[in-house]
1. Can you tell me which residue among Thr312, Thr297 is away from the ligand (no atom under 15 Å from the Cβ) and more than 30 Å from Ala374 (Cα to Cα)?
2. If the requirement is being within 18 Å of Val350 (Cβ to Cβ), in contact with a helix residue (DSSP H, G or I) (Cβ under 6 Å, 6 or more places away or on another chain) and modelled with pLDDT of 95 or more, which of these qualifies: Ala24, Ala39?
3. Just give me the residues in region 1-34 being in a loop (DSSP other than H, G, I, E, B) and surrounded by fewer than 23 Cβ atoms within 10 Å (Cβ to Cβ), in sequence order.
4. In region 149-202, how many are of a type in the set (A, V, I, L, M) and closer than 30 Å to Val84 by Cα?
5. If Gln211 satisfies all but one of (1) in the same structural domain as Val90 (by TED's automatic domain parsing); (2) more than 20 Å from the chain's Cα centre (by Cα), what's the number of the condition it fails?
6. Condition test on Tyr156, is it assigned by TED's automatic domain parsing to the domain that holds Phe345, within 23 Å of Ala41 (Cα to Cα) and in contact (Cβ under 8 Å) with a residue 60 or more places away in the chain?
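The values are calculated or read from the model by the stated rules, or taken from the named source; none is laboratory data. Every value quoted in this text rests on a predicted model; they were computed, and no experiment measured them. Cβ atoms come from the backbone with ideal geometry, glycine included; neighbour counts cover every protein chain shown.
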Amino acid sequence: MSTQFDVAVIGLGAMGSATVAHLAARGVRVIGLEAAFPAHAQGSSHGDSRLIRLGYFEDPSYVPLLQRAYENWRAMEQRLREQVLTITGVLQIGRPEDKIVKGTQASAELHGLASEVFDREAMLRRFPAFALDEDEIAVLDPEGGFLRPEAAIFGYLRLAAADGAVLHFGEKVTAIEPGDGGVEIVTDTARYRVGKVVVSTGSWIPELVPQLRGLAVPIRVVVAWYQPRDGFATALGRMPAFIRDEGETGSFFGFPVIGPDGVKVGKHAHFREEIDPNRPNPPVNDADVAVLDDFITRRLPAAAGLRVRAITCRYTMLPSEDFLMDILPSDPRIVVASPCSGHGFKFTSVVGEILADLALEGGTQLPIEAFSFAAMDRFMKARQGK
Ligand SMILES: Cc1cc2nc3c(=O)[nH]c(=O)nc-3n(C[C@H](O)[C@H](O)[C@H](O)COP(=O)(O)OP(=O)(O)OC[C@H]3O[C@@H](n4cnc5c(N)ncnc54)[C@H](O)[C@@H]3O)c2cc1C
């Protein structure tokens, strides 16, 4: 016998927790099913902090979604009576022609966003934690800051439960079986009959959405925390969060002192090392920390004290390094979400709204055309030169 719900949300990480909360707030009978435990260390949503910024260098078309994400984060905090988002400003550092610097300025210009440019001397006076080369500048996005991922996920789950969502942890979905009278969700312990399904299983998504095999690829990322040498320059309130373009080497990101472990830094996509989602992430090794130690010594000397912690995390990369949020072309009852490619967390609050819209209305007013299966197909064809 299967239990009945209007919607099942599979995977209660960042995207799933926001989605169950948005669905439950609309009065829907919803069940959330999580194979492990929310924000666990083999997923993509742990590690104290995630950047949020408005002047999006990746593409200005993300900005309207970000504006909605900010509104939704603030609404969520108000209901929770807890702070999840902290504004510190985000510095985008590099040479004026680098993608991160140029892209941030283009986004800010197009959308009329506030931004401020600092050269090396001005940076030393205003933000002394950072060492810039002569030819580098920093663009400050004053709306930028960081989110607390664990607080966000558990906050959304608390709101979902308060609105009547049923939440099961430690229950893995093994199959989705579409039928005439609904969709059967089969787990390792039970069966559920539901009207609609949202699949938000992060790095495991190809297991339940075979169309994404070879397209949604999990990679390993390492971040580390350093006790700063200079507690003034690196303090929250004094040092903004940042991303830094290092040209062909890639880009790095980091945060001021948020907690007892100090300043956190990471390299975007790290070594792009593909992993098996069903095996524990390979442990942190000497090469992993060497790249971060080198960065912090050269670029953030004020923070380059004792390295106290280093952990692994996962990105789920799509070919375009954008997101996928769409209804499955072969079954309108199944919504698929892979909003990662290493930059999805800040959108969580709007992704929850979008996925709830897709499940309940079959569409959304929010601009997500670029994140469809069709857009992914077009990208693949263009890449293959077809
Ligand atoms: C080191 C690092 C730094 C990052 N920095 C930023 C940043 O600064 N800003 C930003 O915006 N983004 C950032 N990101 C990206 C962001 O964190 C991710 O986009 C986001 O966390 C992805 O969330 P998710 O819900 O898709 O995946 P997850 O949070 O991993 O959730 C997926 C969940 O599905 C569950 N699951 C899997 N299979 C099943 C199944 N069969 N049945 C039931 N449950 C299942 C898993 O157990 C897991 O809990 C970063 C990521 C990493 C790793």
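1. Working: Thr312 fails: away from the ligand (no atom under 15 Å from the Cβ).
Only one candidate passes the filter, namely Thr297.
2. Numbers: Ala39 fails: within 18 Å of Val350 (Cβ to Cβ).
Ala24 is the lone residue from the list that is within 18 Å of Val350 (Cβ to Cβ), in contact with a helix residue (DSSP H, G or I) (Cβ under 6 Å, 6 or more places away or on another chain) and modelled with pLDDT of 95 or more.
3. Correct list: Met1, Ser2, Arg26, Gly27, Val28, Arg29.
4. Of region 149-202, the ones of a type in the set (A, V, I, L, M) are 151-153, 157, 159-162, 165-167, 173, 175-176, 183, 185-186, 190, 194, 197-199.
So of that shortlist, the ones also closer than 30 Å to Val84 by Cα come out as 151-153, 157, 159-162, 165-167, 173, 197-199.
Of the residues in region 149-202, 15 are of a type in the set (A, V, I, L, M) and closer than 30 Å to Val84 by Cα.
5. (1)
6. Working: assigned by TED's automatic domain parsing to the domain that holds Phe345: yes; within 23 Å of Ala41 (Cα to Cα): yes; in contact (Cβ under 8 Å) with a residue 60 or more places away in the chain: yes.
Yes.
Every residue, every condition in (1) closer than 30 Å to Val30 by Cβ; (2) in the same structural domain as Ala24 (by TED's automatic domain parsing); (3) more than 16 Å from the ligand (Cβ to nearest atom); (4) out of contact with any His (no Cβ under 9 Å at 6 or more places or on another chain), yes or no:
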residue: Glu77; (1), (2), (3), (4): yes, no, yes, yes
residue: Gln83; (1), (2), (3), (4): yes, no, yes, yes
residue: Phe118; (1), (2), (3), (4): no, no, yes, yes
residue: Ala138; (1), (2), (3), (4): no, no, yes, yes
residue: His168; (1), (2), (3), (4): yes, yes, no, yes
residue: Val183; (1), (2), (3), (4): yes, yes, no, yes
